[in-house]
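Colleague: My questions all concern the structure below.
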Amino acid sequence: MKGKIFAAIVSVLILGVCFAGGLYYLENHDEFFYSKIDNSRMRELPPNEDMKYEYTLDCYNKNGRKRELDFKTSRKLKENAYILLEVRSLGVHKWEEVQYKDLPQKVQEKLK
């Protein structure tokens with residue numbers, strides 16, 4: 001009987017550690033993508049939203065792998081500006097404008 005209780009407690013502890021590790025990974029696993037602003041791929045959101053615009057852009061990671069990403073902003077972004085998007089498991093976490101010279105070489109080739 002004591003062996004079964006001990007095994008149950010150990011199993012619950014192992015599951016708890018795995019669950020906490022999974023949550024940590026989801027929250028802290030970052031991947032970076034780059035894109036060029038194309039305001040024709042932006043749509044206005046309903047006025048009751050905090051964010052006013054949503055962009056859907058073709059983005060590339062440092063190896064040139066393409067991925068279409070959606071993200072929201074509170075303002076229109078500058079046409080043809082280059083941006084860096086920090087992506088976590090649940091989507092774009094934040095973005096910032098960058099210079100062309102700061103893009104990885106493979107990304108520069110894709111975004112000419």
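Colleague: Inspect all residues belonging to region 54-74 and state whether any of them is within 22 Å of Ser89 (Cβ to Cβ), open to solvent by 60 Å² or more (accessible area, probe 1.4 Å) and at pLDDT below 90.
Modeller: Taking every residue of region 54-74 in turn, none turns out to be within 22 Å of Ser89 (Cβ to Cβ), open to solvent by 60 Å² or more (accessible area, probe 1.4 Å) and at pLDDT below 90.
Colleague: Another question, if that's okay. Can you pull out every residue in region 69-91 that is under 11 Å from the mean Cα position of the chain (by Cα) and either of a type in the set (S, T, N, Q) or at negative phi (or both)?
Modeller: If the condition is that a residue be under 11 Å from the mean Cα position of the chain (by Cα) and either of a type in the set (S, T, N, Q) or at negative phi (or both), then Leu69, Asp70, Phe71, Leu84, Leu85, Glu86, Val87, Arg88, Ser89, Leu90 are the ones that fit.
Colleague: Also: Looking at region 3-47, which of the residues that are at pLDDT 70 or above and charged (D, E, K, R) is farthest from Lys66 (Cα to Cα)?
Modeller: For region 3-47, the residue satisfying everything is Lys4.
Colleague: Then there is this: Output the residues belonging to region 57-68 that are charged (D, E, K, R), over 12 Å from the mean Cα position of the chain (by Cα) and outside any loop (DSSP other than H, G, I, E, B).
Modeller: Asp58, Lys66
Colleague: Which residues, taken from region 81-112, are among the hydrophobic types (A, V, I, L, M, F, W, C) and either open to solvent by 90 Å² or more (accessible area, probe 1.4 Å) or in contact (Cβ under 8 Å) with a residue 24 or more places away in the chain (or both)?
Modeller: Ala81, Ile83, Leu84, Leu85, Val87, Leu90, Trp95, Val98, Leu103, Val107, Leu111
The values are calculated or read from the model by the stated rules, or taken from the named source; none is laboratory data. Being a predicted model, the structure only gives us computed values, none of them experimental. Cβ atoms come from the backbone with ideal geometry, glycine included; neighbour counts cover every protein chain shown. Only protein heavy atoms, including side chains, enter the accessible area calculation; ligands, DNA and RNA are left aside. Shrake-Rupley method; radii C 1.70, N 1.55, O 1.52, S 1.80 Å.
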